[in-house]
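First the structure, in the form of structure tokens, and then the observations on it.
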Amino acid sequence: MTTPSTPSGDMQPRDATYWAQQGTNLKLSDVPAGAINLNVEGRSVVGPLQGFGKMWQKTYRVRLVDALVQPTEVIATWKENFQSFWPKGNRFYAPLTGITPGEVALLNLKTGGMPLSTGVLVLYADDESFTLMTPQGHMFAGWITFSAYVDDGATVAQAQVLMRANDPIYEMGLTMGGHKQEDKFWEHTLKSLAARFGVLAPVQIQAVCVDPKRKWAHAKNIRHNAAMRTVLSAPSRWFHRGRKQ
Amino acid sequence: MPARTLEAHIRHHQPRVTVIELHGEVNAFAEETLNTAYGEAEGQNPEVILLNFSDVDYINSTGIALIVSLLARARKSHRQLLSCGLSEHYVEIFNITRLADFMSVYPDETSALADAAKDTTH
């Protein structure tokens, strides 16, 4: 739907280096040891408009009260130790170059007790925020933006998800406890981040349904479902691992 | 360079098109301005709302998310949301984030309005 554009004579914008330069298809520069690389290479990234389910904006915030820490320090710590703040059993394999625009990270997760191998593109990263975008087959189509800012004298760390379930199976899963599970995931993450700065504080959660309509035209996204593919490919992975040993 | 707070001005162009002229930066602090302007434009019940980004020099990822939520609102009420005046850099960002799959992007207001007029006469 894009018509060729644009006003001419543009100078290099100041945020040019903050955005991913690669197109919509993911390319992995390396596969960290121990990571399962499935459902990522060659997949297109998908925003909330390409998903199937209801569109949600979920915001998780923690106030780092009494911690003398600047937003840039919070984001630097978050980027460097991203995986360590996650609940046990979930792995984020950061790229060797760290969380930098255009890099792809592998994710090996447990959702509802089931393994899920997927990934994310680092869509945007500056000193005060970074955004991850999901590929086809991920639980949801969308972005997660991690940011920190000063509000009323305290630094606030925030994760904001703008998402739609990618397909009808995921939508059913989210409706039947998946949203609650996701809330717990990010609550744990933000509490762990706050604890790193010596703060024990509650996490505020706000969920807004931006669009209650389901996009039935996108129900066919189910063919990319990474959870199903991860489970179906397990016997072959076990077989190959057995042969190597 | 100090950040420019977002300002929005609303103009009617044709009875069925409302233009939201944006000036400044589209970031987390733009939410209220953007939502208020969109609400005001929507109140005039146009078929098409055109976002003019000619005087926007910075959009971050939170800003893109705000634009997505406007697009969701527009689609919910069966309105067309168009954009124009984006720099080459932001056209590329609209492509990478796949916003451009759902939102026509025009080089300037004249071409956007000409296309909108064609659509509404069909």
Cα-Cα over 31 Å, subset of A:K58/B:K76; A:K191/A:K215; A:K58/B:K118; A:K79/A:K110; A:K27/B:K118: A:K191/A:K215; A:K58/B:K118; A:K27/B:K118
Value at 222 nm in deg cm²/dmol, rounded to 500, when DSSP H runs of n ≥ 4 in chain B each add -39,500 (n - 2.57): -13000 deg cm²/dmol
Residues in the stretch A:120-147 that a label on A:L96 would reach, taking backbone N under 17 Å of a point 7 Å out along Cα→Cβ: none
Zero-based 5 Å bins, Cα pair distances in the stretch A:114-245, whole percents: 2, 8, 14, 19, 17, 14, 11, 8, 4, 2, 1, 0
Debye log10 I(q)/I(0) for the stretch A:27-74, one point scatterer per Cα, at q = 0.17, 0.23, 0.29, 0.30 Å⁻¹: -0.88, -0.87, -1.12, -1.18
Length released on extending from A:A195 to A:S29, taking residue separation times 0.36 nm less the Cα-Cα span: 56.5 nm
Reduced Cα scattering model of chain A, Debye log10 I(q)/I(0), q = 0.07, 0.11, 0.17 Å⁻¹: -0.25, -0.61, -1.37
Within straight-line cross-link reach of A:K180, aspartates and glutamates at Cα separation under 20 Å, skipping those fewer than 8 residues along the same chain: A:D167, A:E171, A:D211
For the protein assembly as shown, size of Cβ-based charge dipole, Lys and Arg +1, Asp and Glu -1, in debye: 2340 debye
DSSP bridge pairs, the protein assembly as shown: antiparallel proportion in percent, nearest 5: 75 percent
Between the stretch A:155-218 and the stretch B:1-68, the alpha-carbon center distance in angstrom: 27 Å
Projected area, mean over directions - chain B, Cα convex hull, nm²: 6.9 nm²
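Calculated FRET efficiency, A:I205 and B:H78, Cβ-Cβ r, R0 30 Å, to nearest 0.05? Don't jump to the answer; show the numbers that get you there.
Values: r = 32 Å, r/R0 = 1.06.
Result of the calculation: an efficiency of 0.40.
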The stretch A:144-239: relative contact order as a whole-number percent, Cα under 8 Å and 6+ apart: 24 percent
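If each residue of separation counts as 0.36 nm, what is the full-extension length gain between A:M172 and A:A219 once their alpha-carbon separation is subtracted?
Working: separation 47, 0.36 × 47 = 16.92 nm, distance 1.21 nm.
Separation in residues times 0.36 nm, less the Cα-Cα distance, equals 15.7 nm.
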Solvent accessible area, Å² - B:S77, 1.4 Å probe, full protein context: 40 Å²
Using a Förster distance of 25 Å, the FRET efficiency for B:H12-B:E32 (Cβ separation, nearest 0.05): 0.65
Selection from A:V62, A:G89, B:Y90, by position along the positive dipole direction of the protein assembly as shown (Cβ): A:G89
Extension gain from A:Q12 to A:D183, taking 0.36 nm per residue of separation minus the Cα-Cα distance: 57.7 nm
Most fluctuating residue given options A:A94, A:A16, A:A195, as computed from a GNM of chain A linking Cα atoms under 10 Å: A:A16
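The values are calculated or read from the model by the stated rules, or taken from the named source; none is laboratory data. A quick note: this is a predicted structure, and the numbers were derived from the prediction, not measured. In this analysis, Cβ positions are derived from the backbone assuming ideal geometry, glycine residues included, and neighbour counts consider all displayed protein chains. Quick note on the areas: whole protein, heavy atoms, side chains included, nothing else; ligands and nucleic acids left out. Shrake-Rupley method; radii C 1.70, N 1.55, O 1.52, S 1.80 Å.
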